[in-house]
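Bear in mind these aren't lab numbers, they're just calculated from the coordinates by the rules spelled out. Keep in mind the model is a prediction, meaning the values are calculated, not measured. Positions of Cβ are backbone-derived with ideal geometry, glycine not excepted, and every protein chain shown enters the neighbour counts.
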Amino acid sequence: MRKIISGLLIISMFSLLVLPYNVKAESKATTIKGLKAELEELKRQRNINNQNKNNTRSSINQKKQAMYDAYDQKKKAEDDIVAANNKIAECESNIEKTKGETAEILKFSELTSNENVYLEYLMQSTSIADMSMRSKAISLITNYNQDQLQTLSDLIEENERLKVELRQKQADLDVAIGNYNKAIVQLDLYMDELEDVGDDINEQIKNQEELIKYYQKICTSETQLLTDCVKVLASTSLIRPLQKGVVTSPYGSRINPLTGKTTSFHYGIDLGTTAMGVPVYAAANGMVAAVTYKSSCGGNIIYLHHNVNGVAYTTQYAHLLSVNVKVGDTVTNQSVIGYVGGGGSTLKKNGGWDTCSTGVHLHYAVSKGHYLGGGKDGYSSFSTFKAKMIDPGGYFPKKGTWFYRRY
Ligand SMILES: [Zn+2]
């Protein structure tokens, strides 16, 4: 609310500076592709915001510089006023001096006009013309002083006028400084607003990037609906599906226990347990893709879809005594999906084991992609499932060694 009110204030005070974008509060994307487009838009807004911040910052600096210049001009005007005052004082002093001089001359002239000095001065003239010139000289000096007085009083008048102009200039500069101040305050407020918006955008970018990272882990493609992705929870690794067990038959070529042939390929790993009914856990977070029953080979089988660090996997669990989940269920690596079967002819009629099992064990297999799943990683052929299979032996001890933990 505070932000909205201050935003309105900014807009009303500074109608030219309107935020050129609306900050989105929430993602409306339905796919990773959409999330990425939103991220690009957020980055575009961040660029605009940064540009606005730079422009505003330089406007603030310009106004500040103009204000400092105005202060300098005001200071200079003050100096000029002092100079004008000095000039006036100087002129006044000169006027006094000149007036004194004139008075002296006039006094002297009066004193001497009836006396011999003046006459003598005139009598010393060598001719009538000279006498006339001397008489003129006196009047010239007094006239000259009169002119001087006029010049000085003109100078005073001029400086008084200058002082009035300078005072007016100072008043104008005060108004300008006030306006610069107001503009700087408004720009500072706008800058705060931009900083807030910038923080918001940065936070949204961070969230959006995390969201994309998350969905990249759980989605099989950039165009898969995010609502479909969430069924397959992300994982960082596949772990052992049993708490305690032993590898009785590893992945790969082996002697077929039923046929005795050495050429058969074991598409999975066999994990022996102490007894039937031991809980079987999902090897990673994921979604139940299929629950099937094959009396010929496999018995109760569960297929789970996973996304391990963004890579699609399918895990298979066969010879199960019973099944704890149904298709579409979301599981974590702590979910008990079923129980170990595979042994005892009496259980055959209950579907607990099948003709290709010779004892209590879990047949566990890992394949790349999503067998029986959609999206770019999905496929439906069992032969593809076998073709994409990988050796899960990496996180199990060697054949014959018991393990007592799930990782
Ligand atoms: Zn097997």
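Observations on the structure shown:
- Largest first and in whole Å, the equivalent-ellipsoid semi-axes of the stretch 231-403 read 23, 18, 16, each the square root of five times a Cα gyration tensor eigenvalue.
- Pairs from the table (K368/K398; K64/K87; K87/K107; K294/K399; K244/K388) lying more than 31 angstrom apart at Cα are K64/K87.
- Distance (nanometres) between label positions extended 7 Å along Cα→Cβ at I105 and D69: 5.1 nm
- Across the stretch 232-244, coupling constants 3J(HN,Hα) worked out from phi with the 6.51/-1.76/1.60 Karplus curve, θ = phi - 60°, read 9, 5, 6, 9, 9, 6, 8, 10, 4, x, 10, 6, 9 Hz, and Gly and Pro carry x.
- Protection proxy ranking of 202-212, 393-403, by the mean of other Cβ atoms within 10 Å over each peptide's residues and highest first, is 202-212, 393-403.
- Using θ = phi - 60° and Karplus 6.51 cos²θ - 1.76 cosθ + 1.60, couplings along the stretch 185-199 (whole Hz; Gly, Pro as x): 4, 5, 5, 4, 5, 4, 4, 4, 4, 5, 4, 4, 4, x, 4
- On the beta carbon distance between R406 and T259, with R0 = 35 Å, the FRET formula returns roughly 0.60.
- Local electrostatic count at S58 - Lys and Arg +1, Asp and Glu -1, tallied over other residues with Cβ under 14 Å: +3
- Calculated FRET efficiency for the pair D188/N143, C-beta based, R₀ 60 Å, to 0.05: 0.35
- Sites S296 and A37 - FRET efficiency at Förster radius 45 Å, r taken between beta-carbons, to 0.05: 0.35
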